[in-house]
Amino acid sequence: MSLAEPLLIGDARIDRLVDLERFDLPLGWLFPDATLAALQDDLSWLEPDFLTGDKAILAIQSTVLRVGGRTILIDTCVGEHKPRPRHPAWNQRTHTGYLDRLRALGIAPEAVDIVFCTHLHADHVGWNTRIDNGRWVPTFPNARYLMGRHELSDWETKLKTAPADMVNHGSYADSILPVIDAGRADLIDHDHQLLDGLVVRRLPGHTPGSIGLSMHRRGGRCLFTGDSIHHPVQLIHPAWSSSLCSDPQMARATRTHYLAEAAENGTWLVPAHFAGHTGVQICRHANAYRPILGNCHAAAGRLP
Ligand SMILES: [Zn+2]
């Protein structure tokens, strides 16, 4: 599995930008179909980075993509000062160091050109905004914020029938609407092209409007997957969808399709929650997949 930080693919540079380094969830809660017995043969690489006892270990991280002279921030995690009373670890956070870590990559908030939202869950939109004299303002003042048209309308529909603070932890009001009101949001469809070789891809199932980014450079391919895959156990068991997916069956079909493709053509997968890792290449193993490790002989030739 890649520990590469940054990940370099042709002329593109990819860094992970952590908001929460570690976030544990009970495996059986996150993946209702999961059992520890089904992971026995893989504990040697799952532990300790991804699994401890019956807890799945995740991170909450953005991805910074620099390509074609553009700086693109993919997903913006939980953020600071956001009221999330139903989620103590996300509630009213301060001094997280997230923007300092962005600056340490040589990027000021003003230098971000594009914020790309794979979907609009509260752990993907938090740093869209920051508090300024009691008002939510875009954290990245010069960026265009790209949001899926279908994704946004789906949340707006839900907000018509449920109390705002019960929908997605209230994140629409503090992390999405202020961006729209500031005139910084662009609603996009799944065939939208950001740059030559960088195209929006529909990845439905986790949410109805989930999208990712498919990148093709001379040095290789990459898929920014959002939450269509949450955790490496889904390489071993691609059928395991998370309890957080709005349509687990569709999420399974989406994932199964691109995993086959990625194993075939060496695509780097860049998910939002793989702890400690920017991206991973995979190889086929029996009826499923494994990250490329020393024992993955079939794909060893593709190691960079
Ligand atoms: Zn997420």
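The values are calculated or read from the model by the stated rules, or taken from the named source; none is laboratory data. In this text, all values refer to a predicted model and were calculated from it rather than measured experimentally. Here the Cβ is made from the backbone with ideal geometry for all residues, glycine too, and neighbour counts use every protein chain on show. To get the accessible areas, we keep the full protein, side chains included, count just its heavy atoms, and leave off ligands, DNA and RNA. Shrake-Rupley method; radii C 1.70, N 1.55, O 1.52, S 1.80 Å.
Note on region 9-36: residues that are open to solvent by 50 Å² or more (accessible area, probe 1.4 Å), within 18 Å of P232 (Cα to Cα) and either part of a loop (DSSP other than H, G, I, E, B) or touching a Gly at 6+ places or on another chain (Cβ under 7 Å) (or both) total 4.
Counting residues that are crowded, with 21+ Cβ neighbours inside 10 Å, under 11 Å from the mean Cα position of the chain (by Cα) and at pLDDT 95 or above, which strands (runs of 3 or more DSSP E) fully inside region 192-242 reach at least 2? Steps first, please.
Details: elements: 193-195, 198-202, 211-217, 220-226.
Once the strands (runs of 3 or more DSSP E) in region 192-242 are filtered for at least 2 residues that are crowded, with 21+ Cβ neighbours inside 10 Å, under 11 Å from the mean Cα position of the chain (by Cα) and at pLDDT 95 or above, what remains is 211-217, 220-226.
Under the condition of being basic (K, R), assigned to a helix (DSSP H, G or I) and free of Cβ contacts under 8 Å to residues at least 40 places away in the same chain, the residues counted in region 86-104 number 1. For W127, the criteria (1) part of a strand (DSSP E or B); (2) within 16 Å of the ligand (Cβ to nearest atom) hold in every case but one, which is (1). The C-beta contact set for region 215-232 (first residue farther than 30 Å from P32 by Cβ, second residue open to solvent by 10 Å² or more (accessible area, probe 1.4 Å) and among the charged types (D, E, K, R), distance under 7 angstrom, 6+ apart or interchain) comprises M215/R221; R217/D11.
For region 86-104, residues that are of a type in the set (K, R) and surrounded by 14 or more Cβ atoms within 10 Å (Cβ to Cβ) total 2. Of note, W127 satisfies the criterion of being surrounded by 24 or more Cβ atoms within 10 Å (Cβ to Cβ) and in contact (Cβ under 8 Å) with a residue 40 or more places away in the chain. Pairs linking a residue in region 257-278 that is at positive phi to a residue that is open to solvent by 10 Å² or more (accessible area, probe 1.4 Å) and away from the ligand (no atom under 16 Å from the Cβ), with Cβ atoms under 8 Å and 6 or more positions apart or on different chains, are G266/G220; G266/R221; G266/Q281; G266/R302; G276/L3; G276/D49. Tally up the residues in region 210-234 that are within 14 Å of the ligand (Cβ to nearest atom) and farther than 18 Å from L198 by Cβ, please. Selection size over region 210-234: 5. When region 37-60 is filtered for residues that are open to solvent by 10 Å² or more (accessible area, probe 1.4 Å) and over 15 Å from P291 (Cβ atoms), the ones remaining, listed by number, are A37, A38, Q40, P48, T52, G53, D54, K55. Of the set (1) of a type in the set (S, T, Y); (2) in contact with a strand residue (DSSP E or B) (Cβ under 7 Å, 6 or more places away or on another chain); (3) surrounded by fewer than 21 Cβ atoms within 10 Å (Cβ to Cβ), all apply to T256 but (2). Yes or no: I107 more than 16 Å from the ligand (Cβ to nearest atom), open to solvent by less than 70 Å² (accessible area, probe 1.4 Å), in a loop (DSSP other than H, G, I, E, B) and β-branched (V, I, T)? Considered against the rule, which asks whether it is more than 16 Å from the ligand (Cβ to nearest atom), open to solvent by less than 70 Å² (accessible area, probe 1.4 Å), in a loop (DSSP other than H, G, I, E, B) and β-branched (V, I, T), I107 comes out as yes.
Checked against (1) within 13 Å of the ligand (Cβ to nearest atom); (2) touching a residue at least 60 places away in the same chain (Cβ under 8 Å), H237 meets all criteria but (1).
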